[in-house]
Every structure is written in C-alpha cells, then in structure tokens.
Amino acid sequence: MGLASLDLTEFRSFPLAHFSPDPDGTTVLLAPNGTGKTSILEAVGYLGTGRSFRGASRDAMIRTGADDAFVRATVLDELREVLVEAQLSRHGRSRVQVNRQPARTRRDLADAVAVTTFAPEDVTVVRGGPSGRRDVLDDALALVDASAGPLLEDVARVLRQRGALLRQLRGRLDASAEATLDVWDDRLASLGDDLARRRAQLVDSLSPGVAERYRTLAAADVVVRLTYQPSWQGPLAIALGAARDDDLRRSVSTVGPHRDDLFIEIDGRDARSQTSQGEQRSLAIAVRIAVHERVTEVRRRPPLLLLDDVFSELDAGRAERLLGLLPKGQTLLTTAVAPPPALADADVIDIEAVRGGS
C-alpha cells in the first residue's frame, strides 16, 4: 500500500495543495515551523482514522473563512488504485468515501489508508491521561483485527446511550427506567468484556517489541513492561451492577472499557511519573514502531508511517538509532532542519512546492 497523491482544498492554511510522495520509500517534507508541513501528515492521518492525530476538532482543520475542507488521496493497493475522499464541514455532516462509497467504520478507513503515526504530542501517550493510551490500542486493533472496528463503534454507541439515560434519570430509577438500564448494561457487559480481552491480547503481543525497540533507542539494557489494566475485576456485568448506585448518583458510567488504561514500566518505575522526558519520548516512539511492526506482520504489508518532527527533541545518538529502526515501506517525515545524512537518498520536498497545487 502506498500514497500516490494527496490534494487539499481549504484544509488548515492551504487554499489548495498537491503532494505526490515516493510511493515506496521515505519522503521528507522540509520547512520552517509554522508553515503547514504537519498539516499534510494530519490530512493523511485523518483519511486513515477519521480524526486528527493532533487532537484537533474538525472545525480547526477547516481553513479560516471556509465552510468546508476537502481531502482527496489516491492510494495504490497491490496495483489497484483506491480513491479516498473526505469532506469536513462546519455546518453540515462530515463524511469520508472510499471509491465513492461511504466509509462507515474504523475498519473501512483502515483498509483504505492504513497509517501509523508518531508526533511530538505522542509523549502525552506515556505521561498523559488514559484516553491517549486507549486510542493507540484501539487504532492498532482496527488495523489488525477485522471485527474490532465494528466492536469499537458498538461500544461507543452503547456508552452514549447509557450515558444519556443516566443523565435523563437524574438519580431517580423507576421500574421502566430500570428495565431499560438493564438492557444497556447487558449489552455493555458483553461488548466491554470482549473489547477488554482483545486489548489485553494486543498488549501482550506488543510488549516484547516495545521493550526491544526502547532498548535500541535508549542504548540501555532495561526492562520494559506493558500491562493492560481494566477498570473492573471479574465479569463486567457484576461490576456494572455494583456500580449502579454510584452511576445513578453521578450520571456517568464509572466502569467499562472507556475507563481502562495501559500501564507502562521501565525497570519497575511508572513511566507516567517516574521517568525523564527523554525516556518518555523514546518510549512513545518505541510503542509506535512496535505497533507498526505488528500491523505489518498481521496484514502482510506495511502501513504508511507518518513521522512528524521526530528529530526535534532527540539527541544525535537517538536520532541515528531511530533511523536504523525505520521499517521498510512508505514513510512521510517532516522536519524543520536538514535531514540526517542517513536520509541522503530520500526525496526531499520543500513545503512551498506543495502549497497552491504547484
């Protein structure tokens, strides 16, 4: 799989833009900070995941003064061209289409534009809240497990419906409402146990790769462990029953897969609070590379790797070791400084050659 071309209209700072990367190797987008090079990667990532890897809203990705933004990509998939188009709308409904057909699930997007990403913000995956770590796992699941995409959509839908019911009840539960809540609890229990099991299996499969890649990046012989931590013990149905009074009082679902976490340790230290920023950054990169390698192993072809400003806060030694870890396949890389000598053979594109569709 390889991105052959990308066209943007009214996306971020680009009225128009056209981009044709190397379909098989590494393409470097070289430009000073603030010129829009990250926006190119953001647009590609949006086609593959349906959201911004920067955590931005859809409105933020639409150029100031415009009502809609458009992203159009041609992807080569085993000699077949796949057309992927997204419309981001301020007032109407945003949509993504694959070969003119609506993409309805995460799996549809992942099949069309399989991407893995590293950005400076990824350090928050290690030191930030649990939601970022869950997103990493769920994005990977959508790439490696054909039925995970619909499962994730179902879990999100049930949580929305259960949450709306809890807010509506305002702590008061009559017989009719109790029967409705029982239905949503049964559904959430089944789906939540399934999702937690799949996430835990994924973490087990990723853990050795993360440890090995971290040791290479850090040039240190350390023990790295990843552990999936559900927000409940035993069957989720029992946990939901035990938490019902609290859920009614607080009008939120206090247990479930939306509250789970990924615990990461380096030599027994909690990576969130007991490691340096350099260790956290190397760990975040190691997680992304391990995910990329796992996806490649399962899908039997590498996803598109997006590396945003990856050298900005790495010392020369870690940057060189990272380049040695870059997997085969198509890579899009942004940098504000001249790329390292190891990338001498990569295509280097000035962002101004992309702007305006030139």
Exercise for the section: Pairs only if they're at least six apart or on different chains, beta carbon under 6 angstrom, first in segment 172-183 and more than 13 Å from ASP245 (Cα to Cα), second surrounded by 15 or more Cβ atoms within 10 Å (Cβ to Cβ) and not basic (Lys, Arg); list them, first residue then second. Expected result: ALA177/LEU169
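If you scan segment 259-285, which residues turn out to be assigned to a helix (DSSP H, G or I) and either among the acidic types (Asp, Glu) or buried (at least 20 other Cβ atoms within 10 Å of the Cβ) (or both)? Let's see the steps before the verdict.
First pass over segment 259-285, keeping only residues assigned to a helix (DSSP H, G or I): 259, 277-285.
Listed by number, the residues that qualify are GLU279, GLN280, ARG281, SER282, LEU283, ALA284, ILE285.
Which of the strands (runs of 3 or more DSSP E) contained wholly in segment 46-118 include at least 2 residues that are in contact (Cβ under 8 Å) with a residue 40 or more places away in the chain and over 18 Å from LEU152 (Cα atoms)?
Numbers: elements: 68-77, 80-89, 95-98, 115-118.
Those strands (runs of 3 or more DSSP E) span 68-77, 80-89, 115-118.
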Completion exercise
Among (1) surrounded by fewer than 22 Cβ atoms within 10 Å (Cβ to Cβ); (2) in a strand (DSSP E or B); (3) among the β-branched types (Val, Ile, Thr), VAL298 falls short only on (2)
Practice task
May I ask you to list the residues in segment 225-251 that are in a loop (DSSP other than H, G, I, E, B) and either surrounded by 16 or more Cβ atoms within 10 Å (Cβ to Cβ) or outside the structural domain of ASP185 (by TED's automatic domain parsing) (or both)?
Solution key: PRO230, SER231, TRP232
Handout entry: Answer residue from segment 148-167, given it is of a type outside the set (A, V, I, L, M) and touching a helix residue (DSSP H, G or I) at 6+ places or on another chain (Cβ under 8 Å) and is nearest to THR49 (Cα to Cα) among those
Key = GLY149
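Within the group ARG100, ARG104, ARG80, which residue is among the charged types (D, E, K, R), surrounded by fewer than 22 Cβ atoms within 10 Å (Cβ to Cβ) and modelled with pLDDT of 85 or more?
Only one candidate passes the filter, namely ARG100.
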Handout entry: ARG259, sole failed condition from (1) without any contact (Cβ under 8 Å) to a residue 40 or more places away in the chain; (2) farther than 23 Å from PRO327 by Cα; (3) not hydroxyl-bearing (Ser, Thr, Tyr)
Key = (1)
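Does VAL123 satisfy the criteria of being touching a residue at least 40 places away in the same chain (Cβ under 8 Å) and crowded, with 23+ Cβ neighbours inside 10 Å? Can you show your working first?
Working: touching a residue at least 40 places away in the same chain (Cβ under 8 Å): yes; crowded, with 23+ Cβ neighbours inside 10 Å: no.
Criteria not met by VAL123.
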Handout entry: Residues that are out of contact with any helix residue (DSSP H, G or I) (no Cβ under 7 Å at 6 or more places or on another chain) and either assigned to a loop (DSSP other than H, G, I, E, B) or over 19 Å from THR116 (Cβ atoms) (or both), drawn from segment 31-45
Key = PRO32, ASN33, GLY34
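Residues checked against (1) touching a Leu at 6+ places or on another chain (Cβ under 9 Å); (2) free of Cβ contacts under 8 Å to residues at least 40 places away in the same chain:
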residue: VAL155; (1), (2): yes, no
residue: ASP185; (1), (2): yes, no
residue: ASP194; (1), (2): yes, no
residue: ARG213; (1), (2): yes, no
residue: THR216; (1), (2): yes, no
residue: VAL222; (1), (2): no, no
residue: TRP232; (1), (2): yes, yes
residue: GLY241; (1), (2): no, no
Practice task
Could you check how many residues of segment 245-286 are out of contact with any strand residue (DSSP E or B) (no Cβ under 8 Å at 6 or more places or on another chain) and closer than 13 Å to THR116 by Cβ?
Solution key: 0
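Let's see how each residue does on (1) in the same structural domain as ARG288 (by TED's automatic domain parsing); (2) in contact with a strand residue (DSSP E or B) (Cβ under 6 Å, 6 or more places away or on another chain); (3) surrounded by fewer than 15 Cβ atoms within 10 Å (Cβ to Cβ); (4) within 30 Å of ASP267 (Cβ to Cβ):
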residue	(1), (2), (3), (4)
ASP138	yes, no, no, yes
VAL144	yes, no, no, yes
LEU151	yes, no, no, no
ARG160	yes, no, yes, no
ASP174	yes, no, yes, no
GLU212	yes, no, no, yes
Problem - Given (1) more than 24 Å from ALA31 (Cα to Cα); (2) assigned to a strand (DSSP E or B), index of the condition ALA290 fails - result: (2)
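The values are calculated or read from the model by the stated rules, or taken from the named source; none is laboratory data. Computed from a predicted structure; not experimentally measured. Virtual Cβ from ideal backbone geometry, glycine too; neighbours counted across all protein chains shown.
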